[in-house]
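The structure appears right after this line, and notes come after that.
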Amino acid sequence: MNIKKVFNYSPNFDSKKRKSKQIKFLIFHYTGMKKESEAIKRLTNIQSEVSSHYLIKKNGDIVVMVPDLYVAWHAGQSFWKTFKSLNRNSIGIEISNPGHEHFYTNFSKNQIQSIIYLSKLLMKKYKIKSYNVLGHSDIAPLRKKDPGEKFPWKNFAKSGVGKWHLLSNEILKRNRMKKINVNEEKNFFKFLFKIGYSKKALNKKKLVSAFQRRFRQELINGKIDQECLLISQNLAKKLS
């Protein structure tokens, strides 16, 4: 695949340059707009006050919008582990997709190839750990759903971009919808906080839904079951 890179700079970024060692996260978003052209226009409009470092078009083209060493305005109010306001410490990648409000669609093959290609370059350049590759809904679960349950996190993890659990489909299906007790629920949230999800996300259902959109994409109901517990435990062990 011949990946094309184009430049369409946004005026929406902090004027002070940051040091490369401050960059610790990659954050994936979808644009959430009906038309790709409208999304690009918004991200480059000074009045919108939003931007990202890169945008991945439907055809796989990579649009450079803000140079890496400047803080783009993509994450908003956000939390992960001990970090808050993740704009300062992240590179934001927008992916052209209408999102949940406009007939959410699958990401194209070309987009996926471009995202993996770009992510690997950035991870190597800035020494970004695989477990610090996140979705907008991970860092802002009360507000955001993107990149959503159609984003192929499992395939990305196989390519070294992001993390995934090691549980078999057989074990997962056997434990799906099985109830948990009070102590198991407490353990589930302990595991989530160890993974990196913030204790500031006070709406439990939205926090669970964000976890499911990332790691249990077949069923997003905001309810904790044995399957969710096993996945959270497995991930927490991998990150310990």
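We did not get these values from a lab; they are worked out from the coordinates using the rules stated. None of the values given here were measured: they were computed from a predicted structure. Virtual Cβ from ideal backbone geometry, glycine too; neighbours counted across all protein chains shown.
Tabulated values for the structure
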item: 5 angstrom amide H check on GLY32, placed H, neighbours 5+ away; result: ASN97, GLY99
item: Cα gyration tensor shape of segment 5-158, rounded if a/c is under 1.5, else prolate or oblate by comparing a/b with b/c; result: rounded
item: Proximal lysine pairs, segment 32-107, alpha carbons under 23 Å, eight or more residues apart or interchain; result: 6
item: The chain - percent relative contact order, Cα under 8 Å, separation 6 or more; result: 20
item: Residue-averaged 222 nm ellipticity for the chain, from DSSP H runs of 4+ at -39500 (n - 2.57), nearest 500; result: -10000 deg cm²/dmol
item: Summed residue charge, Cβ within 10 Å of ASN59's Cβ, Lys/Arg positive, Asp/Glu negative; result: +1
item: Contact order relative to length of segment 169-238, as percent, for alpha carbon pairs under 8 angstrom and 6 or more apart; result: 49
item: Computed magnitude of the charge dipole of segment 5-158 (debye, nearest 20; Cβ of K, R +1, Cβ of D, E -1); result: 680
item: For ARG214, net neighbour charge (Lys/Arg +1, Asp/Glu -1) across residues whose Cβ lies under 9 Å away; result: 0
item: Sorted by Cβ density within 10 Å, fewest first, the residues THR31, THR44; result: THR44, THR31
item: Subset of LYS4/LYS124; LYS144/LYS204; LYS158/LYS200 violating a 22 Å alpha-carbon distance limit; result: LYS158/LYS200
item: Efficiency of FRET from Cβ geometry, LYS41 and GLN113, R₀ 35 Å, rounded to 0.05; result: 0.85
item: Segment 49-64 - phi-based ³J(HN,Hα) in whole Hz, Karplus 6.51/-1.76/1.60, Gly and Pro as x; result: 6, 10, 6, 8, 6, 9, 10, 9, 6, 4, 7, x, 4, 9, 9, 8
item: Net charge over other residues, Cβ less than 15 angstrom from the Cβ of GLY148 (K, R count +1; D, E count -1); result: +3
